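Okay, so here's the structure we're looking at.
Read-outs: derived from the displayed coordinates by stated rules, not from any lab. All figures in this text were calculated on a predicted structure; none of them were measured in a lab. Methodologically, a virtual Cβ is constructed for each residue, glycine included, from the backbone with ideal geometry; neighbour enumeration extends over all protein chains shown.
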Amino acid sequence: MYRNISIMLFVLFAVVLGVPASQEEGSTSSSWECRQALSGGANIYCEIFGHSFFRVLHPENGELECDGPTKKVKLPVFVWPPGTSMSSCTPQLKNTLQAFTQEMKNIKESLKKIGCDIA
C-alpha cells in the first residue's frame, strides 16, 4: 500500500513538473524558428566581415559572434532593434530575419557575379 502511494506521488510530482516544461516548449519552438530564420543570413554577414561562420547571437545587444568570442559584428538596427528578444519571437521579427537572410543571399550572389567570393 505504501509503495503504491509513493509511486502515485512520484507520478503526480513528475506531471506537475512536466506541465510548465511543456508550456515552455512552445516558446522554444518559436525561438528556434527565429534562429533558423537568422542563421543563413548571419553566416553570410560574418563572412562579409572576414570571418568564417556565425556561431551565436547575443540578443541583449544584437551582436553576432563569428568564429570565436573575440570576433563579433553588430546586426543593423533595422534587423535587431534595441530591446529585441529571441524568447519572444513574433511573426514580425521572424519575417524581418527571413528578409535579412534573403538580402544577404542576394548580396552574396551579386558579389559572386563580379568575381568576389566571400566564402
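Charge dipole of the range 49-112 (Cα centre as origin; +1 on each Lys and Arg Cβ, -1 on each Asp and Glu Cβ, all else neutral): 140 debye, rounded to the nearest 20.
Test of understanding: what is the full-extension gain from ASN61 to VAL77, defined as 0.36 nm times their sequence separation minus their Cα-Cα distance?
Values: separation 16, 0.36 × 16 = 5.76 nm, distance 1.00 nm.
4.8 nm is the gain from fully extending ASN61 to VAL77.
When you work out D = kT/(6 pi eta Rh) for the range 49-112 at 37 °C and 0.692 mPa s, using the Kirkwood radius from C-alpha pairs as Rh and the Stokes-Einstein form, the result is 258 µm²/s. Counting only lysines at least 8 places from LYS113 when in the same chain, those with an alpha carbon closer than 17 Å to its own are LYS105. The protection proxy used here, the mean number of other Cβ atoms lying within 10 Å of each residue, ranks peptides 74-84, 32-42 as follows, highest first: 32-42, 74-84. When only Cα pairs below 8 angstrom with a gap of at least 6 residues are kept, the range 49-112 shows a relative contact order of 21 percent.
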